[in-house]
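Here's the structure, in structure tokens; my notes come after.
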Amino acid sequence: MIEGIVKQAPILAIVIPLLMSTLIPLLGRKHTIIRNTLAFLGPLGSIAVLSLLINPVFDGGQRIIYMLGGRIPPFGINLVVDSLSLLLAILASGLTLLAVIYSYKYMKKYTGLVQYYALVMLLMAGILGIILTGDLFNLFVFLEIMAISAYALVAFTTGKEQVEAAFKFQVLSTIGTLGVLIGIALLYAMTGTLNMADLAQRIPLVGQSPIFSFALVFFLLGFGLKAAMVPLHSWLPDAHPAAPSPISALLSGVVIKTGVYGLARVIFTIYGVSMVAIHPFLLAVLALGVATMVVGGLMAMVQVDIKRMLAFSSISQMGYILFGIGIATGLAITGAIFHVLNHAIMKALLFMCAGVIVYRIGTRDMSKLGGLAKKMPVTALGFLVGGLAIAGIPPFNGFWSKLMLYIAGFQSGNSLAAVVAILMSVITLGYFLRFFQQIFLGKLPKNLEEVKEAPLAMLLPIVILILLCILIGLYPQVFMNLSQSATNAVLDQTGYIRSVLG
Amino acid sequence: MKGMSLIVRTISRLIVAPILLFGIYIVLHGHLTPGGGFPGGVIIAAGIALLILSYGLKATTKKINYDTTKVLDSFGAFLFVAIASGAIALGYFFAPYLGLIAMGTPAQWFSAGGIPYYNIAIGIKVAGALAAMFIGLVIVIMMGEEE
Amino acid sequence: MIANLNYVMAAVIFTVGLYAVLVKRDLIKIIIGIGFMEYGVNLFWISLGYRTGGTAPIITPGEVSHTASWVPQTTLVDPIPQALVLTAIVIGLGTTVLLIAIAVRAYQRYGTFDIQKMRELKE
């Protein structure tokens, strides 16, 4: 039985949330408890089946190949679970689980929650599909599944702001996915295959061609837009604050990371570093990454809306991850993957803390807040831990990943970029402390005397995330090793080809 | 939305049934002839849209209302995932089953493995979803008109 | 040039759509622009699958035997881009319907389709 589940685990991780997204509207219409249970079981089931793969993938260093319909690759669609996929998949399902628990109370005042939970499950299925698939066109389909549920979730409360943000988000994001689709079309035209391993095998055989560079630019456009890379970032500071707070946590936590994942897969697994390194492409990613961290950080400083500030801070942190990808040495990629993990945890924590303020007080304007630390001690602690972690202060988790990125920057001779990264960290610390002081310290406004701490269902995810921040900060070695094995998996192109095509 | 003139109503009364039947035909013969679950479902939904346009929303929702279409939508999706997951018992997700010959023989309905059943599920899903989209948009627009 | 007219056409349709998205102020025109871009990409995909003198990739009785190889006797166009374009069209439908639904909501909230008059969000 267990062996059977292990064999089917990659597809079950996608199918369980997908099944829940169809079952919730069917069964959960009448009874809240059924709806909530099903929404809880979706991510939980995915975590359960994925955790069965931890042993063979992380410890054994294997790649688990799953052939849909039993067709042998390169024919048909196949799923590939390597260390990178598994790490991100567990992260995505874990965060979804926390967001669902958080939503129970946070979303209670809205109607149409059946659709809300169904969309969350669909979002999660899309994310897991992107991460686990081994087929480029399948990746596009899951990208659209994820994106369409994200648009609908941003517009869910249908206020003025939500509707406008969702429209902007969707128009820009559709252009991004079309960019990915053109890139895929160009690769298909050159090689006649869509399987990632087969592509990796055939691209060197076709040899140098300007079409490949052309396709790479389209991939950078598409995935860069998803990852909020700087000239293409303008949708994020509208869309992420407009969404309900648990969705903001998911969007900033994992959804924008799929852009980086796609870029990393295309660069390292399909093209291979040596193929990409012929052009100054990685340098462009590095430069755009630095621009992203600078623009995001500077814009975050001047915000008054708390969630908008967090959204700009997300852009800034995406810059660090792109910086790591652009350097493309082993240490840099490890740091980038570790930072993906850390940023997901701390940004989800920060958005959930901001959600508590929205839920209890109903405003996002930081200038109207003050002195909340006494009224909301746990939320204040969460915001402080998240802020310090995101600024890279020891002993929190962000310190280690940022340290790795700085060292990688200096080692690879990009000292200037690394110095900018350190400077931006200082600025991040500056604005987070300033905003913390503004919201949680100082004088309590008169109209906020009656404010209470968040309900338990909302505190539970916050506490779990605080503990994770501290735990990863104190014992970084375990997670560094996981990131290291993920890096090895994504850089090992020949191993990827061999394990898929046999 | 009030509906249209007598001429439109009479014509649509005559052709809605053939349209729905044609949609079902397209769904059921998706594995043999061009078409399939998606185009067939679109044709069925188009028949419902024609009813709404000619008779108005109220008269149509007596026959098929918003909730029914939404349930059909979820049920079709569930059916598809359930059939595909059933194949896990035979080895792999989406593995050919439910029919003895996986490859299919031309012009034989009972062939091509699970594909006809997938088509039926998609047909239900698409017809329900598109009808729900259309009814939903009409309801939203009517809400705007009342204001 | 004439032989590659479909590629040129795909680029033209895509550019027209991009122009509409970037320049037009009306939400509905932007949605139409998105549709144009999608169909430009779809035309590009379909053109990739074309083989000179190819026929529709439908196998009729007696044309090919299942037991032997799957290589047909006549030239067929590549069916994979067609299947992919079908998927892309369905996805495009979902995108368009959602965009229209959001646009209708925006019209209810703001009383206009003009994007310049929707200034709830800061620059």
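Read-outs: derived from the displayed coordinates by stated rules, not from any lab. Bear in mind that the values here come from a model prediction, so they are computed numbers and not experimental data. Glycine gets a Cβ as well: all are built from the backbone with ideal geometry, and neighbour counts include every protein chain shown.
Semi-axes of the equivalent ellipsoid for the range B:6-146, computed as √(5λ) from the eigenvalues of its C-alpha gyration tensor and ordered from largest down, come to 34, 18, 8 Å.
Considering only the other residues whose Cβ falls under 15 Å of the Cβ of A:PHE323, what net charge follows from Lys and Arg at +1 and Asp and Glu at -1? Don't skip to the end; give the middle numbers.
Working: positive: A:LYS257, A:LYS402; negative: none.
Spelling it out: positives minus negatives among the neighbours equals +2.
A crude spin-label estimate for the pair A:SER209 and A:ILE34, with each label 7 Å from Cα along the Cβ direction, gives 5.4 nm.
Label point of B:TRP109 set 7 angstrom out along Cα-Cβ; within the range B:24-45, amide nitrogens under 13 Å from it belong to B:24-32. The shape of the range A:6-162 can be summarised by an equivalent ellipsoid whose semi-axes, obtained from the alpha carbon gyration tensor, come to 29, 16, 14 Å from longest to shortest. Here the alpha carbons of the protein assembly as shown define both size measures, Rg and Dmax, at 26.1, 86 Å. Electrostatic tally near C:PHE36: other residues with Cβ closer than 14 Å to its Cβ, Lys and Arg +1, Asp and Glu -1, net +1. Charged neighbours of B:LEU50, selected by a Cβ distance under 13 Å, balance to +3 (K, R count +1; D, E count -1).
Ranked by Cβ crowding within 10 angstrom, fewest neighbours first, how are A:SER485, A:SER149, C:SER47 ordered? Before the final figure, lay out each step's value.
Working: A:SER485 21, A:SER149 24, C:SER47 17.
So the ranking, lowest neighbour count to highest, is C:SER47, A:SER485, A:SER149.
Given +1 on the Cβ of Lys and Arg, -1 on the Cβ of Asp and Glu, and no further charges, what dipole in debye does the range A:20-157 carry about its Cα centre, rounded to the nearest 20?
Using only the charged Cβ atoms, the result is roughly 680 debye.
Per-residue Cβ neighbour counts within 10 Å put A:ILE14, A:ILE90 in the sequence A:ILE90, A:ILE14, beginning with the fewest. Mean partner shielding of peptide B:66-78, defined as the number of other chain Cβ atoms within 10 Å of each residue Cβ, is 3.
Among B:PRO34, B:PRO116, B:PRO18, determine the one that fluctuates most according to a GNM of chain B built with springs between C-alpha atoms less than 10 Å apart. Residue with maximal mean-square fluctuation among B:PRO34, B:PRO116, B:PRO18: B:PRO34. Assuming charge only on the beta carbon of Lys and Arg (+1) and of Asp and Glu (-1), the dipole of chain A about its Cα centre is about 1140 debye to the nearest 20. Spin-label pair A:LEU460-C:LYS117: with each label point 7 Å from Cα along the Cα-Cβ axis, the two points sit 4.7 nm from one another.
Note on the range A:157-250: Cα Rg divided by 2.2 N^0.38 Å, N the number of residues, gives 1.38. Counting Cβ atoms of other protein chains within 10 Å of each residue's Cβ and taking the mean over peptide A:168-176 gives 5.
Taking every residue in C:89-100 and counting other chain Cβ atoms within 10 Å of its Cβ, the average works out to 6. For trypsin sites (Lys or Arg not before Pro), the sites in the range A:426-481 that DSSP calls loop and that have at most 10 other Cβ atoms within 10 Å are A:LYS443, A:LYS452.
Panel order for A:LYS109, A:LYS307, B:LYS58, A:LYS226, by other beta carbons found within 10 Å of each beta carbon, from fewest to most: A:LYS109, B:LYS58, A:LYS307, A:LYS226.
Compared with the alpha-carbon gap, the fully stretched path from B:LYS58 to B:ILE11 is longer by 15.0 nm at 0.36 nm per residue.
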